[in-house]
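The values are calculated or read from the model by the stated rules, or taken from the named source; none is laboratory data. A quick note: this is a predicted structure, and the numbers were derived from the prediction, not measured. We place every Cβ from the backbone using ideal geometry, glycine too, and count neighbours over all the protein chains shown.
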Amino acid sequence: MNLLHDTSLARFGGWTTSVHLPPGKRDPAIKAADHAYRYLKDLIVTLELPPRAIVTETEVADATGVSRTPVREAFFRLQAERLLEIFPRRGAVVPEITLRGIREQAQTRLVLEGYGVESICDRKIPVADELQKLVDQQNTVLQDDPSRTLEMVLIDKEFHWTLVKAIGNTEFSQLYNTLHDRQVRIGVAMFNAVKGRPCHAIEQHTYIADALRRFDVDVALERLEFHLIESLDELTGIFTA
């Protein structure tokens, strides 16, 4: 989906937007609220609906062909997932992506993925081949078409998800998956903002996979921390604090 840009800017409590929503055809088998929810979430996560953009129930209803009531339900679901901020009787705003938000998510992921790395090394869980396949897939996409950002980010997410799901803890996995949509959204933003970010990610993934092949916990954790935390220094000045 592509957003069409308007020539005028609308002001909304300090937020600005210049976008119109694209049409979103509904499959009759999908409930109206689910359709509106999936439609909006896809636009938000992929950044096709950019940070600071404003949407109203009427606009979404017109774009999706559903009534305002299921759209309102979709708004509340997305607000609970921190993908929208609702302003009663006025509409909703897509949250900004800030350096603080990126760093806080990275710190949270380091705790969860770091535990996964420790468990993989302690229990000698063989994940290196699976991780390397994902590295190869990501590299193939990058070499074929660097503009396929979303595809690279989804592979990136699968690489890190593998570090968590390998330990077989359902509660732990479910906790990690609550980050999924915001993780993808931030990934798309970073890959688009920093030209060499995809290449650097592939390089760091290779180091992590190699360390886990040897079950070298110290090196794997060191590489993971560099990848998630220390590499964020290159984002300074690109995203607001």
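See the values below:
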{"item": "Flag if LEU110 is touching a Leu at 6+ places or on another chain (Cβ under 8 Å) and either farther than 26 Å from LEU154 by Cα or at pLDDT 95 or above (or both)", "result": "yes"}
{"item": "Scan of the range 74-85 for residues that are touching an Asp or Glu at 6+ places or on another chain (Cβ under 9 Å) and acidic (Asp, Glu), ordered by number", "result": "GLU81"}
{"item": "Residues located in the range 204-218, provided they are outside any loop (DSSP other than H, G, I, E, B) and in contact with a helix residue (DSSP H, G or I) (Cβ under 8 Å, 6 or more places away or on another chain)", "result": "GLN204, HIS205, THR206, TYR207, ILE208, ALA209, ASP210, ALA211, LEU212, ARG213, VAL217"}
{"item": "Selected residue (only one of VAL66, VAL60 is at negative phi, part of a helix (DSSP H, G or I) and either of a type outside the set (Gly, Ala, Ser) or modelled with pLDDT under 95 (or both))", "result": "VAL60"}
{"item": "Cβ-Cβ under 8 Å pairs, at least 6 apart or on other chains, the range 120-141 side within 9 Å of LEU212 (Cβ to Cβ), far side of a type in the set (Phe, Trp, Tyr) and surrounded by 15 or more Cβ atoms within 10 Å (Cβ to Cβ)", "result": "ILE120/PHE215; CYS121/PHE215; LEU131/PHE159"}
{"item": "ASP218 being more than 20 Å from ASN139 (Cβ to Cβ) and modelled with pLDDT under 90", "result": "no"}
{"item": "Whichever residue in the range 81-115 is acidic (Asp, Glu) and in a helix (DSSP H, G or I) and, among such residues, is surrounded by the most Cβ atoms within 10 Å (Cβ to Cβ)", "result": "GLU113"}
{"item": "Selection status of THR149, of a type in the set (Val, Ile, Thr), in contact with a strand residue (DSSP E or B) (Cβ under 7 Å, 6 or more places away or on another chain), surrounded by 16 or more Cβ atoms within 10 Å (Cβ to Cβ) and without any contact (Cβ under 8 Å) to a residue 60 or more places away in the chain", "result": "no"}
{"item": "Test: residue in the range 208-220 that is of a type in the set (D, E, K, R), over 16 Å from the mean Cα position of the chain (by Cα) and crowded, with 17+ Cβ neighbours inside 10 Å", "result": "yes"}
